[in-house]
Each structure stands twice: as C-alpha cells, then as structure tokens.
Amino acid sequence: MSNKDYANRRPAKRRAANVSKRKAPQRRFPFLLFIITAGLLGGFGYFLWSINNSAPDTEVKTKVVEPKAQPKTPQKDPNALPPKPKEEWTYQQELENKQVEVDIPEDTQPTRPYQMQCGSFRKETQANEMKAMIAFQGLEAQVRRAEGSNGVWYKVVLGPYDRKRAAERQRHILQRGGLNGCQIWFWEG
C-alpha cells in the first residue's frame, strides 16, 4: 500500500472543470401546493362572508322606567346571603404558650444491640484500608474474620449500638464522607 498525503493533495484540473460546468437543478413552481392553498383561502373567505349577516337581527328595546317610591320598610330578599363574617385567627397566640410533653417509658431498651457493616472482603489488607477511611471520618471500626462455607471473609463493622438512631447518625457521617455501602443489622454476638 502506498503512502499518499491526501490532506495536502491538490484537486485535479479535470475535477475542478467538471464541477464548475455542472448546473444546479432547477426547481419547478409548486402548482399543486398553490392550487390547494388558494382553494383553502377561498373557502375560508366564503365561510366568513356567509356567516357575516346570518345572525338574526335583534333590536335592543329600551324602556324608560320612572323610579317608584321606596317603601318605608325595605323588603328582605329570602335568597340573599348573610354578610361575610370577619375572620379571627387566634391559634398563633395560643401556640406561643403551649408546651408539648412526651412520655417515654424508661424500659424501652432494645432486646438486641445493633451493628453497622460497611464492607466484607476476601483480603485483610482491603478491610484495613476501609477501616482507615472510616477512621479519617472520626469513627472507630473493627475488622472481624469470619469463616463460612465459601471461605474466609474480613468484615468491617462499627458498633455495637444500643439504639438504631445512634447507628443511623454515624451512617450519615460516613455517607457525607463518601462511604455509601454501610448496612445496619442486629448484632449477633
């Protein structure tokens, strides 16, 4: 295959001469489109002309009525609405002095504490790297070794927590730091 420089190649004289001799195709006048447009405009104009004087002539007859003497006691319309009542809102003043008291029983301790697992790895070095990333967020994590039917796993866990709310609070700290895979579980020992 030969190496040719197509970018800097000058066009041949024959090609340039053929290009200049070609004429652009002439566009014919769209008679069909013109006929359809003229027909639609004519039909619309006829429609407007036909409805111009088709309304029945109704003359407005006005009659001058002289006012009658008003009776001494005005007659009340039985269908008249009562006057609009004035709106008075007092809940803002009432809420300023209110206090909400919530009774929480003392013995609402969970039966099992919670733990948060942020990762499970085959290599202990990977688990220790995640533990270091969690330590940069100001939290303390442990790496636990677990042996199962499919081999050895190294789990990165935080906790135990007495309440799920404490675990959620620390999970939000980790999410703000970019660690989004943490799950909260009941601690099994």
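The values are calculated or read from the model by the stated rules, or taken from the named source; none is laboratory data. These numbers were taken from a predicted model, which means no experiment stands behind them. Methodologically, a virtual Cβ is constructed for each residue, glycine included, from the backbone with ideal geometry; neighbour enumeration extends over all protein chains shown. Remember, those area values only see protein heavy atoms, side chains included, never the ligands or the DNA or RNA. Shrake-Rupley method; radii C 1.70, N 1.55, O 1.52, S 1.80 Å.
Check whether at least one residue in segment 124-136 is at negative phi, in a strand (DSSP E or B) and of a type in the set (Phe, Trp, Tyr), and report yes or no. Checked segment 124-136: no residue is at negative phi, in a strand (DSSP E or B) and of a type in the set (Phe, Trp, Tyr). For Ala69, the criteria (1) open to solvent by less than 100 Å² (accessible area, probe 1.4 Å); (2) under 41 Å from the mean Cα position of the chain (by Cα); (3) at pLDDT below 75 hold in every case but one, which is (2). When Phe29 is tested against (1) modelled with pLDDT of 80 or more; (2) of a type in the set (A, V, I, L, M, F, W, C); (3) in a loop (DSSP other than H, G, I, E, B); (4) open to solvent by less than 100 Å² (accessible area, probe 1.4 Å), exactly one condition is not met: (4).
Answer with yes or no whether Gln126 is farther than 24 Å from Glu188 by Cβ, polar (S, T, N, Q) and surrounded by 10 or more Cβ atoms within 10 Å (Cβ to Cβ).
Criteria not met by Gln126.
How about segment 157-189: which of its residues are within 26 Å of the chain's Cα centre (by Cα) and open to solvent by 90 Å² or more (accessible area, probe 1.4 Å)? Those that are within 26 Å of the chain's Cα centre (by Cα) and open to solvent by 90 Å² or more (accessible area, probe 1.4 Å): Arg176, Asn180. Kindly establish whether Ala146 is open to solvent by less than 50 Å² (accessible area, probe 1.4 Å), touching a Phe, Trp or Tyr at 6+ places or on another chain (Cβ under 9 Å) and not acidic (Asp, Glu). It is true that Ala146 is open to solvent by less than 50 Å² (accessible area, probe 1.4 Å), touching a Phe, Trp or Tyr at 6+ places or on another chain (Cβ under 9 Å) and not acidic (Asp, Glu).
Tell me, yes or no, whether segment 106-117 has at least one residue that is of a type in the set (Ser, Thr, Tyr), surrounded by fewer than 11 Cβ atoms within 10 Å (Cβ to Cβ) and assigned to a helix (DSSP H, G or I). For segment 106-117, residues of a type in the set (Ser, Thr, Tyr), surrounded by fewer than 11 Cβ atoms within 10 Å (Cβ to Cβ) and assigned to a helix (DSSP H, G or I): absent.
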